[in-house]
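**Q** Once you've had a glance at the structure underneath, I'll fire off some questions.
The values are calculated or read from the model by the stated rules, or taken from the named source; none is laboratory data. On a predicted model such as this, the values are computed, not experimentally measured, just so you know. Note that we place each Cβ from the backbone using ideal geometry, even for glycine, and neighbour counts take in every protein chain shown. Only protein heavy atoms, including side chains, enter the accessible area calculation; ligands, DNA and RNA are left aside. Shrake-Rupley method; radii C 1.70, N 1.55, O 1.52, S 1.80 Å.
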Amino acid sequence: ELRAMIDARVAIPHRDGPRPICEGDVLILVRRRNTLFHEIIAACKAAGLEIAGADRLRLGGEMAVRDLTALLAFLAMPEDDLSLAGCLRSPLFGWSEDRLFRLAQGRGDTFLWTRLRETGDAATLDVLDDLRSQTDFLRPFDLIERMLTRHDGRRRLIARLGVEAEDGIDAFLAQALAYEQVETPSLTGFLGWLEHGDVQIKRELDAAGGRLRVMTVHGAKGLEAPVVILPDTADYTPTERRQIYPLGGSLGWSGTRNETPAALQQAMEAAADLRTQEDSRLLYVAMTRAESWLIVAAAGAVDKAESWYNRIFDGLGHVGAVAQDFPTGTGLRHQHLNWPVAAQGDTGSDTEAASGPDLPPMLWHPAAPPTPAPRPLSPSQLGGAKALGGEAGLDTDAATARGTALHLLLEHLPHWPRAHWPEHARALLDSSETGAPEDLDALVVEAARVLDAPALVPLFAPGTLAEVEITANLWGRAMYGVIDRLVVSETEVLAVDYKSNRVLPQSPAQIPEGLLRQMAAYTDALEQVFPGRKIRVALLWTATAWLMELPPALLREAAARGELESGAAGA
């Protein structure tokens, strides 16, 4: 009915005049978050209504979250047979009970993961192998998103569990991001954080951004909406969990009802009266949330006189409500003053609106586009050649990709034991944007030659910096660059840039112009960042593990040529 009213542009009162109803005008209030609560959210989503979702979400109770948590638990410990079985049976992989039984039955002491690899199930193994290869490198959020997006997990979960599962999935992703703000983003740490307590997410729906809101009456205190629907007004007897009651200066235990002493019976009746009064106050809160239209319905039996439905029904009889047919049957309607027939400006007439006040002519002409700010200079894009003549083999894109891969290896390999370099190198480059190159083994050998060179050990010692971002002023403009390796001491600073050229200069005088300008820009920037310290810059030719320091005079000349060329281009 809400979908039909919105499509028909039913008018509702507004302080600026009648206007068509929209999802943000509707507030649906229930007494508790039971099956009805979740069914309403699911039905609204199925009808295509813009809905803000549940006001409170218990993360551990969401089926989609439990499936994703099982997957993460398996990735953290492949020997966890129960977690692997859970994620195989989930919509993420869609295994049947029979198929899982055939995999697990008769395996003895063999782990389920080992048995799965022996069967060679390609579709499942491709997904799990990809995720396992990334477990040590990606944050929990990235792992979840990889499963949901790259491996189609989100579509599979929603197809099986319904569109309401999307709330739980998005909340799980949000919790993974929140975890990264307070802890080191490790997978085992994240799983422990989730298991430490029952995570409940409370979402503030007082500003739902034009979306329909479904929440409990308690949560709606202080809120109002043009249209309020109360669907949960049927007979309801809350479970009495209290067992201890005050008896003057002592306490009494409720025990068996037919053996309750008179004093304890009076205390129990007094507590019941307080609950009834609180129930009446809650009903008052629910009814007074409506600004213009209150719709009361009952999902269930209405046999008890004290039910909200019967109390409201009796009250309508005292104010002259009239019978009216509704989509679910005959009910009562009470109207005060005149309800708008059509929304303002929605009469269907082609008559032009009355002319408004005279407006400045500037409002009828598009504003001039703003002058774009000059882009920051890049040290590697200051003009001049980057390689000597005779450089052959790879094209520009392939050479750039190879250089990027080599930079990654030199940045990360020093953090791992040398015996594991080939394995970590492949995993590292597989997760990069360009993927592992065909000559990966040759790249690892080249990186190892650099890292093993005795003369270069100080460059990769603890305390040195890798991939250092730097900004400064260069030739009257902002400059931004990344220095491959930076060694900072109390008296001097050494900046090193890796170069994977195949044809090498024999002396600094033969270095290509573009590389000289790049290193001159780094020198200028470092002098601004570290005033008073000696600045040294050098190129590290990775093909031969040769560190070539550049004379300051050569750099000043290259900087002057670059500044002159830049000024001519700007003029």
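**Q** Whole angstrom only: what separates the Cα centroid of the stretch 59-120 from the Cα centroid of the stretch 417-486?
**A** Here the answer is 38 Å between Cα centres.
**Q** If you don't mind, another one. Ignoring GluC sites (Glu not before Pro) that are buried or in helix or strand per DSSP, and keeping those with at most 16 other beta carbon atoms within 10 Å, what is the longest stretch of the chain between them?
**A** After excluding every exposed loop site, the longest remaining stretch is 80-182.
**Q** A follow-up question, please. Kindly express, to the nearest 10 degrees and within the range 0 to 90, the angle between helix 262-287's C-alpha long axis and the longest C-alpha principal axis of the chain.
**A** Taking Cα atoms only, the helix is inclined about 70 degrees.
**Q** Another question, if that's okay. Test of the criteria: in the stretch 1-76, which trypsin sites (Lys or Arg not before Pro) are in a DSSP loop and have at most 16 other Cβ atoms within 10 angstrom of their Cβ?
**A** When the trypsin sites (Lys or Arg not before Pro) of the stretch 1-76 are filtered for loop state and at most 16 Cβ neighbours within 10 Å, ARG9, ARG15, ARG32 remain.
**Q** A further question on this structure: Report the extension gain between ARG117 and SER186 in nm, rounded to one decimal, defined as 0.36 nm multiplied by the number of residues separating them, less their alpha carbon distance.
**A** Fully extending the segment from ARG117 to SER186 adds 22.3 nm.
**Q** Tilt of helix 440-452 relative to the longest C-alpha principal axis of the chain, in degrees (0 to 90, nearest 10)?
**A** Taking the Cα atoms of the chain, the angle to 440-452 is about 70 degrees.
**Q** Sticking with this one: So if R0 is 51 Å, what FRET efficiency would ALA367 and GLU50 give, r being the distance between their Cβ atoms, rounded to the nearest 0.05?
**A** According to the calculation, E is roughly 0.95.
**Q** Once label points are set 7 Å from the Cα along Cα→Cβ at both LEU337 and HIS218, what is their separation, rounded to one decimal in nm?
**A** Simple spin-label model gives 3.5 nm for this pair.
**Q** What is the total of Lys pairs in the chain with C-alpha atoms under 29 Å apart, excluding same-chain pairs fewer than 8 positions apart?
**A** Eligible lysine pairs with Cα atoms under 29 Å apart amount to 7.
**Q** For ILE158 and LEU36, what is the calculated FRET efficiency with R₀ set at 22 Å and r taken between the beta-carbons, to the nearest 0.05?
**A** Result of the calculation: an efficiency of 0.50.
**Q** On the protein heavy atoms, probe 1.4 angstrom, tell me the percent of accessible surface of the chain carried by carbon and sulfur.
**A** With neighbouring chains kept in place, the figure for the chain is 53 percent.
**Q** Checking the a/c ratio against 1.5 first, then a/b against b/c, what shape does the Cα gyration tensor give for the stretch 117-184?
**A** Since a/c reaches 1.5 but b/c is at least a/b, the shape of the stretch 117-184 is classed as oblate.
**Q** LEU294 versus THR110, label points 7 Å from Cα toward the beta carbon: distance in nm?
**A** 6.8
**Q** Let me ask something else about it. In nanometres, what is the gap between the two model label sites at ALA553 and GLN243, each 7 Å from Cα along Cα-to-Cβ?
**A** Once both label points are built, they end up 9.4 nm from each other.
**Q** By how many nm would the segment from ALA509 to SER432 grow when fully extended, if each residue of separation counts as 0.36 nm and the alpha-carbon distance is taken off?
**A** Result: 24.1 nm gained on full extension.
**Q** Viscosity 1.306 mPa s, temperature 10 °C: what is the translational diffusion coefficient of the stretch 53-172 from Stokes-Einstein with a Kirkwood Rh over Cα pairs, rounded to a whole number of µm²/s?
**A** 107
**Q** Which angle from 0 to 90°, rounded to the nearest 10, does the C-alpha axis of helix 396-412 make with the longest principal axis of the chain?
**A** Approximately 80 degrees, to the nearest 10.
**Q** Which option, [x] 1.05; [y] 1.12; [z] 0.97, is the value of Rg/Rh (Cα atoms, Kirkwood Rh) that was calculated from these coordinates?
**A** [y]
**Q** Which value, in Å² rounded to 10, gives the accessible area of HIS38 with a 1.4 Å probe and all protein chains present?
**A** Rounded to the nearest 10, that gives 90 Å².
**Q** May I ask you to compute the full-extension gain from HIS196 to ASP314, defined as 0.36 nm times their residue separation minus their alpha-carbon distance, rounded to one decimal in nm?
**A** Additional length available on full extension: 37.6 nm.
**Q** Using just the helices of the chain, give the 222 nm mean residue ellipticity in deg cm²/dmol: DSSP H runs with n ≥ 4 each add -39,500 (n - 2.57), and the total is spread over all residues, rounded to 500.
**A** The helix-only estimate for the chain comes to -12500 deg cm²/dmol at 222 nm.
**Q** Moving to a separate point now. Above 23 Å lies some portion of the pair distances; for the stretch 434-571, what is it as a whole percent of all C-alpha pairs?
**A** That fraction is 39 percent.
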